[in-house]
Amino acid sequence: MTTVTAPRMITPATTQSRIWAVTKLTLTNPWTAIILPWIILGIIFLANVAIWLLITRAAPIGAARDEAIEGFNYGGASSFIFIYMLIVAIQTINLTFQYALGYGVTRRDFYLGSSLTFVLLSLMYAVGLTILAEIERATNGWGLGGRMFAPVFFGDGIWFERLWIFFTAFLFFFFVGALTAAIYVRWRSNGVVAFSVGIAALLIAAGALLTFTGNWAAIPDFFAAVQFLGGYSLSLVISLIAAACGYFVLRGATPTN
Amino acid sequence: MNAVIEVTGLTKQFGSVTAVSDATFSVQENTISGLLGRNGAGKTTLMQLLTGQQFATSGSIKVFGESPVENARVLSNVSFIKESQKYPDDFKVKHVFRSAPWFFAEWDAEFAELLIDEFRLPVHRRIKKLSRGQLSSIGVIVGLASRAPLTFFDEPYLGLDAVARQLFYDRLLQDYAEHPRTVILSTHLIDEVANLLEHVLVIDAGRIIIDQDAESLRGSATTVVGTRGSVEAFVGDREVLDRETIGGLASATINGLDGAGKAAATAAGLELTPVSLQQLVVKHTATTDMNDHKQEVEINR
């Protein structure tokens, strides 16, 4: 051996651009995560308008009408989007993991890039829903007393409280989805079953604790004390724990055939 | 010569099954190496270990001088194309070629375009709707156009027709000549790639049983044919890989027959025939315990 030169290597991109590349990868086809949800939301909205029209026409005056409009407050029509995003998170992690690894992406960069996607999507949907909720309130429920984007579940605060509530709710569903998918990618179905059983056991244990200490009233008291804003803000703690756990679970995952 | 890959005492166990067993070898820069072996011999596991996709049970792996596991400095140089590659559910072919350049610094878009044309790949079609062969073409094109300094092709051409396979070999050789890099190719179609390979690694039941340059390997075994008596007499205590008898005639494949040995065989009235790489691999790997193989195959499912 007379001359030893190191093999030619490519200078790796910066950490930020590697993570950003993963974010772009997860959104290469924007159809599933961005376009389709808005289309579905639009269709649900039109269906709701039709229903509001029917109900207000059937009960044109008096107490019946007031009661019907009161009922609009509890519309769950926009809740589909949160469950949908849970599934988007699961699909993104599960289906892109192997693919990205083949491109020489590290698990770390993959998870951070996907997480950035989830934060950006949360932000986009939170802003979108807040705008629609504000329009809904300003037009007295699209002129029909209807409520789809500002139902009672998201509080009655001003716009930036609502924005925060939507944002934290989306983060919650995205990162619970990310953790579930990471568990699936690492341990397959057995892992997800064990995880679900663990969560269920935890909830039952908490229920037992409240029952035996006679403290069930503490729950409504607690939520009355923290109110909507506090409740959603607290979900951020769960989202952060899920995000961190997802990271550590996925770092030990290997692709399987 | 420069080693791009250096593996020492590498073992990978899945539960009680040993997929890779105490492997030690190196791969030199700017060579095309064949990783050959039977189904379930450990080829894919070995490649996954080399690309940081699997974690070793014991032993050391150095790729570009460092461990590949979670190492962006190393992995930025690596492209790993596998037969069973899964794509995101909603991807069309064009999405693969839109996203691949973000991960390969030396991606050649023009070359990719050319290959897409040559392989007649429908870019607007959803990946789920592609035929097996078209799916394989995507991998082949990404592997070639990525120009990664270290490229792995794991059974890249399942379902590709003979024309497309020839196209792959031609393009690989041509592009390799213009842009030298290190290529590791695992395949069952050994005869087809025999001329491409500069180095051969044969893995059997998790063990590296051959690690040799292709040229010397090709000349390493010889089949002698003649009457049963003269073949038996010639073989003596030479290492025999394979033996066949038909009536009064016999043939024996002898490992490492040197010039003097060949002369002796000719003098004994035996006919000498060279052994192709494929026959050689078959003869080296066909005799091992079948139970081992069954276990290996099962774990890979």
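The values are calculated or read from the model by the stated rules, or taken from the named source; none is laboratory data. Remember, predicted model here, so these are calculated numbers, not experimental data. Every residue, glycine as well, gets a Cβ built from its backbone with ideal geometry; the counts of neighbours run over all protein chains shown.
Structure above, values below:
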| read-out | value |
| --- | --- |
| Of all residues in the range A:211-257 being over 30 Å from A:Arg108 (Cα atoms) and in contact (Cβ under 8 Å) with a residue 24 or more places away in the chain, the one that is surrounded by the fewest Cβ atoms within 10 Å (Cβ to Cβ) | A:Gln227 |
| Only listed residue being under 18 Å from A:Ala21 (Cβ atoms), surrounded by fewer than 23 Cβ atoms within 10 Å (Cβ to Cβ) and more than 14 Å from chain A (Cβ to nearest Cβ), chosen from B:Ala162, B:Ala109 | B:Ala109 |
| Residue in the range A:226-241 that is modelled with pLDDT under 95, away from chain B (no Cβ under 14 Å) and not in a helix (DSSP H, G or I) present | no |
| B:Arg207, sole failed condition from (1) in the same structural domain as B:Val20 (by TED's automatic domain parsing); (2) farther than 23 Å from B:Leu35 by Cα | (2) |
| Residues being farther than 16 Å from B:Tyr87 by Cα and either part of a helix (DSSP H, G or I) or among the basic types (Lys, Arg) (or both) - total across the range A:93-113 | 6 |
| Hits in the range B:16-46 (condition: closer than 21 Å to A:Pro255 by Cα and hydroxyl-bearing (Ser, Thr, Tyr)) | B:Ser16, B:Thr18, B:Ser21, B:Thr44, B:Thr45 |
| Criterion: more than 9 Å from chain B (Cβ to nearest Cβ) and surrounded by 20 or more Cβ atoms within 10 Å (Cβ to Cβ) - qualifying residue of A:Gly113, A:Gly102, A:Gly42 | A:Gly113 |
| Residue check for B:Lys62: within 14 Å of another protein chain (Cβ to nearest Cβ), within 22 Å of the chain's Cα centre (by Cα), basic (Lys, Arg) and buried (at least 21 other Cβ atoms within 10 Å of the Cβ) | no |
| Candidate set: the range B:165-201, residues that are in a loop (DSSP other than H, G, I, E, B) and within 14 Å of chain A (Cβ to nearest Cβ); chosen: the one nearest to B:Gln85 (Cα to Cα) | B:Arg181 |
| Among (1) surrounded by 15 or more Cβ atoms within 10 Å (Cβ to Cβ); (2) modelled with pLDDT of 90 or more, the one test that A:Ala77 misses | (2) |
| Residue count, the range B:117-157 (criterion: crowded, with 16+ Cβ neighbours inside 10 Å and basic (Lys, Arg)) | 1 |
| Qualifying residue in the range B:224-245 (condition: modelled with pLDDT under 95 and within 14 Å of chain A (Cβ to nearest Cβ)) | no |
| Wholly enclosed strands (runs of 3 or more DSSP E) of the range B:1-97 bearing at least 3 residues of a type in the set (A, V, I, L, M, F, W, C) | B:3-14, B:17-28, B:32-36, B:78-82 |
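Okay, residues lined up against (1) hydroxyl-bearing (Ser, Thr, Tyr); (2) modelled with pLDDT of 90 or more; (3) in a helix (DSSP H, G or I); (4) closer than 23 Å to B:Glu198 by Cα:
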site	(1), (2), (3), (4)
B:Ser251	yes, yes, no, no
B:Ala263	no, yes, yes, no
B:Gly269	no, yes, no, no
B:His284	no, no, yes, yes
B:His293	no, no, yes, no
B:Val297	no, no, yes, no
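So that you can scan it fast, the table gives a plain yes or no per residue for (1) within 11 Å of another protein chain (Cβ to nearest Cβ); (2) closer than 30 Å to A:Arg186 by Cα; (3) surrounded by 15 or more Cβ atoms within 10 Å (Cβ to Cβ):
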| residue | (1), (2), (3) |
| --- | --- |
| A:Arg8 | yes, no, yes |
| A:Asn29 | yes, yes, yes |
| A:Pro37 | no, yes, yes |
| A:Val88 | yes, yes, yes |
